[in-house]
Amino acid sequence: MDPGMKIKVNGGEFMVKKGVSIAQLLEQCGYQGKVSVWVDGNQLLSAEYPSRLIEDGEEIRILRLVAGG
Amino acid sequence: MFKSAKILYVNLTDKTHRVETLPPETYRKYPGGSALGMYLLFQEQGDRAGRDPLSPANPLIFSVSPLTGIPISGQSRMCVTTKSPLTGTAGDSQVGGFLPAHLKGNGYDSIVVTGKAQSPVYLFLDKEKVEIREAGFLWGKVTGEAERMIAEDLGTDKTESSIIGPAGENQVLFSCIMHQRSRANGRNGVGAVMGSKNLKALVVKKQPPQKPTDPVGMKTLTVDVKERMAANEAIVDLAKNGSAGCLAPAAEEGFLPTNNWNSGFFSGFKKIDGDTLRETVLKERDTCFGCAIRCKGVVEIPGKADPEYGGPEYETLATFGSYCGNDNLADICEANQLCNMYGLDTISCGAVIAWAMDCFEQGLLTEKDTDGLDLRFGNSKAFAPLIKKIAYREDGIGALLALGSQRAAEKLGKGAEALVVATKGQEWPAHMVQFKPNLAVNYAVNNFGADHQSSEHDPALMAPEDDQNWIWPNLLAPFKKCDAYGVLDENKAKFAFETQKCYSMMDSLCLCQFAFGPSWQLYGPEDIVAFCKYGIGWETSIEELQEIGERRINMMRLYNLREGFTKADDCLPEKAFLSMPEGPNQGVCITREQAEAAISAYYRLAGWDEITAIPQKETIERLGLEWILA
């Protein structure tokens with residue numbers, strides 16, 4: 001059985017299965033709409049979200065992009 | 001190619017009118033909306049400063065642009081310019097809907113109303129026919145009823161109207177001008193100026209749409225609009241939820257102004273957010289002339305909210321919701337309807353009630369002062385009676401709150417000033433500066449008081465580099481990346497200034513800032529250039545458009561200087577510096593030192609003196625505004 005990987009999301013500890021992409025993580029965390037994502041301090045392109053797989057121990061930061069209204 | 005602007009001057013005192021034209025070379029510098037309005041305000045007022053905004057001498061100016069009425073999303077907007085009774089500054093307020101397109105269809109670029117009618121009147125335009133009609137029978141009527149009675153009086157409903165309600169008649173300082181009962185020239189108290197002139201309504205006959213100079217070129221912007229919309233997540237959400245869609249994300253981050261800005265964390269947000277509104281009370285979506293987005297929400301709650309008065313937008317959900325600690329959606333919808341009936345700005349009205357609730361909680365107001373109303377946070381049952389008291393300026397709490405929170409606090413004393421969240425007397429809209437710190441600069445320096453639609457919001461600087469949100473602002477100027485909330489530095493000051501110029505240009509060309517803009521919108525800066533070319537044959541550039549925006553900002557600044565405003569008025573209230581006390585972003589804040597440094601950086605970028613905040617000679621000459629000082 002896959003024991004999963006321990007990562008950090010916005011400072012909190014989080015378990016994900018191997019092979020999970022950033023896009024899947026965002027869905028798992030309930031994010032809707034535009035977000036920005038940093039992995040270990042490096043910002044990703046939005047085109048990378050579906051293909052970038054998460055690795056054990058990575059620190060991920062997610063910020064929502066909330067505009068005017 | 002620019003044509004002349006056609007300006008209708010109406011003097012209500014002697015009931016005369018005349019038409020003048022503005023040459024194309026002048027119109028190109030002040031191409032409609034707010035820029036044209038400011039140009040005409042200077043022309044009308046000459047060098048006479050210090051006028052009472054509610055005196056007959058204060059002009060009330062309705063302006064559209066050369067692009068208005070050409071069918072494309074987001075072009076049917078109209079600006080009202082005057083000296084604001086709320087702020088004492090140059091006054092500015094925008095509205096969408098259908099009237100702007102039809103005003104242009106009647107051949108007018110601007111209407112300048114001066115004087116004061118001896119008794120109530122309304123103004124009716126049908127191309128060359130200009131009628132100042134008796135309106136005694138309309139006085140005292142709420143907006144919806146007045147609109148119906150005007151149709152009966154004219155014998156046709158083929159008209160569009162901008163109408164004041166009882167609040168404007170009673171000169172409440174944050175009263176607005178309503179169009180179609182649900183769209184408002186909301187801010188700066190322009191309804192009070194209209195009321196002071198005994199002018200109940202501006203009514204225009206419906207006319208066919210404008211034809212673009214290059215219909216084939218226009219199609220490159222409009223033919224694929226559905227695909228454009230589908231590819232833009234922000235627009236998809238706007239079409240689904242209206243502006244209410246941004247309430248939940250702000251709340252989930254803990255940046256929804258709560259209990260008169262004492263917090264950003266509102267636990268009841270799910271009861272008032274876009275999803276709940278859509279699933280429980282939304283009847284349908286509505287739109288403006290030629291717009292595919294359909295962001296307007298129409299709600300229905302039997303006995304509480306009639307669809308004819310539309311529905312609450314994000315700002316209204318926040319001001320009557322979290323600002324007041326209220327999670328009762330039905331009471332927010334009712335408050336929205338009452339404001340639209342009486343003609344009150346929902347931002348200032350909700351905010352002034354939140355301020356009164358803060359005062360009540362702290363014992364600065366008691367039930368003796370509130371005519372027995374319990375104004376604790378969360379008591380939304382107080383909204384309906386309180387809104388009526390404000391609209392009619394009833395003695396006591398109604399008359400006090402009708403002044404707006406800043407003047408009311410000055411009158412109340414006892415430290416109530418520290419609870420005010422306003423700049424230049426205008427209550428802050430629902431975007432926290434801890435979350436979007438560039439707005440701290442904008443709220444402080446903006447010439448007509450705090451406004452959330454006068455610069456782009458900070459999250460664009462956090463967007464991925466392959467995202468439109470990042471690419472489009474960088475067409476205006478190169479920016480540095482930002483990677484956290486609460487960052488206020490020179491980069492943010494630059495973002496505030498450059499995007500303010502862009503928004504200022506859009507308020508001049510009368511473009512909706514949900515459809516056009518420099519970040520998340522449907523059409524970007526290059527599309528605006530293309531629209532100018534295909535729409536009216538105007539070969540322009542992003543640089544020229546930015547300069548138009550900058551010119552309008554400087555005109556307003558020069559107007560305000562003449563009215564006695566100084567750098568000291570470019571300030572932030574105490575609550576701007578609150579460290580978020582709870583929620584997921586607890587501890588995020590901006591400091592006074594950061595704000596002062598960023599505002600100074602803004603002055604430098606704007607070519608204004610850092611000590612006095614006055615535009616420097618070179619800036620005035622570069623923008624061709626020497627005539628103002630002559």
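What follows is calculated from the coordinates using simple rules that are stated; it is not laboratory data. Here the structure is a predicted model, which is why all the values come from computation and not from measurement. A quick note on method: Cβ atoms are made from the backbone with ideal geometry, for glycine too, and the neighbour counts reach across all protein chains shown.
Most exposed first by the Cβ proxy, i.e. fewest other Cβ within 10 Å, how do B:365, B:578, B:202 rank?
Numbers: B:365 23, B:578 18, B:202 26.
Exposure proxy ranking, most exposed first: B:578, B:365, B:202.
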| field | Highest average packing first - B:109-115, B:475-481, Cβ atoms within 10 Å | value | B:109-115, B:475-481
| Average partner chain C-beta neighbours within 10 Å, per residue of B:242-255? | 3
| field | Set of lysines with alpha-carbon distance to residue B:494 below 30 Å, sequence-local pairs under 8 removed | value | A:34, B:29, B:83, B:424, B:436, B:480, B:481, B:533, B:567, B:575, B:617
| query | Where in segment A:1-22 does the label zone of residue A:40 land, with the point 7 angstrom along Cα→C-beta and an amide N cut-off under 20 Å? | reply | A:4-22
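So if we plug the beta-carbon distance of residue B:149 and residue B:471 into 1/(1 + (r/R0)^6) with R0 = 51 Å, what FRET efficiency do we get, rounded to 0.05?
On the way: r = 50 Å, r/R0 = 0.99.
Calculated value: 0.50.
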| field | Cβ neighbours within 10 Å from other chains - mean over A:31-42 | value | 4
| note | Rounded to the angstrom and largest first, Cα extents along the principal axes for segment B:381-512 equal 57, 33, 29
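Counting other Cβ atoms within 10 Å, which GluC sites (Glu not before Pro) in segment B:75-146 have at most 14 and lie in a DSSP loop? Walk me through the intermediate numbers first.
Numbers: sites: B:128, B:131, B:134, B:145; in loops: B:128.
Taking segment B:75-146 and a limit of 14 other Cβ atoms within 10 Å, the loop GluC sites (Glu not before Pro) found are B:128.
What ranking do B:538, B:520 get, fewest neighbouring Cβ atoms within 10 angstrom at the top?
Details: B:538 18, B:520 28.
Ordered from fewest to most neighbouring Cβ atoms within 10 Å, B:538, B:520 come out as B:538, B:520.
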| message | Rounded to the nearest angstrom and ordered from largest down, what semi-axes does the equivalent ellipsoid of segment B:357-432 get from its C-alpha gyration tensor (root of 5λ)? | response | 18, 14, 14
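If eta is 1.306 mPa s and T is 10 °C, what Stokes-Einstein diffusion coefficient results for segment B:133-198, Kirkwood Rh from Cα pairs, in µm²/s? Let's see the in-between values first.
Numbers: Rh = 11.8 Å.
For these conditions, the coefficient is 135 µm²/s.
How crowded by other chains is B:461-474, given as the mean number of beta carbons from other chains within 10 Å of each beta carbon?
On the way: counts 2, 8, 7, 12, 4, 5, 6, 2, 5, 4, 0, 0, 0, 0.
Mean partner shielding for this stretch: 4.
With all pairs of different alpha carbon atoms counted, what Kirkwood hydrodynamic radius in Å does segment B:436-586 show? Don't jump to the answer; show the numbers that get you there.
Numbers: mean 1/r = 0.0611 Å⁻¹.
When all Cα pairs of segment B:436-586 are included, the Kirkwood radius is 16.4 Å.
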| said: Based on alpha-carbon centroids, what's the gap between segment B:8-41 and segment B:355-387 in Å, whole number please? | reply: 44 Å
| message | Relative to 2.2 N^0.38 Å, what does the C-alpha radius of gyration of chain A come to as a ratio? Two decimals please. | response | 1.09
| note | For segment B:102-149 the translational diffusion coefficient, Stokes-Einstein from a Kirkwood Rh over Cα pairs at 20 °C and viscosity 1.002 mPa s, in µm²/s, is roughly 174 µm²/s
| query | Can you give the Rg and Dmax of segment B:5-205 based on its C-alpha atoms, in angstrom? | reply | 15.1, 44
| query | What share of all Cα pairs of chain B, in percent, falls into each consecutive 20 Å distance bin? | reply | 21, 59, 19, 0
| task | Find out how many positive minus negative residues lie around residue B:138, taking Lys and Arg as positive, Asp and Glu as negative, among other residues whose Cβ is under 11 Å from that of residue B:138. | result | -2
| Whole-Å distance, taken between Cα centres, linking segment B:435-491 and segment B:519-534 | 19 Å
| Helix-only CD estimate at 222 nm, as mean residue ellipticity for the protein assembly as shown, using -39500 (n - 2.57) per DSSP H run (n ≥ 4) | -10000 deg cm²/dmol
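Taking K and R as +1 and D and E as -1, what net charge do the other residues with C-beta under 11 Å from the C-beta of residue B:77 add up to?
Details: positive: B:104, B:183; negative: B:507.
Net local charge, residue B:77 excluded: +1.
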| note | Long-range amide H partners of residue A:9, meaning residues 5 or more apart or on another chain whose placed amide H is closer than 5 Å, are A:14, A:60
| How large is ³J(HN,Hα), in whole Hz, for each residue of segment B:405-416 in order, when computed from phi with the Karplus curve 6.51 cos²θ - 1.76 cosθ + 1.60 and θ = phi - 60°, using x for Gly and Pro? | 5, 5, 5, 4, 5, 4, 6, 6, x, 6, x, 5
| query | Three principal axis extents, largest first, for the C-alpha atoms of the protein assembly as shown, in Å? | reply | 87, 63, 52
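What is the calculated FRET efficiency for residue B:139 to residue B:574, with r their C-beta to C-beta distance and R₀ = 41 Å, to the nearest 0.05?
0.50
Using a 10 Å cut-off on Cβ atoms, rank the peptides B:189-201, B:604-616 from the highest mean neighbour count down.
Working: B:189-201: 28.3, B:604-616: 16.6.
Top to bottom by mean Cβ count within 10 Å: B:189-201, B:604-616.
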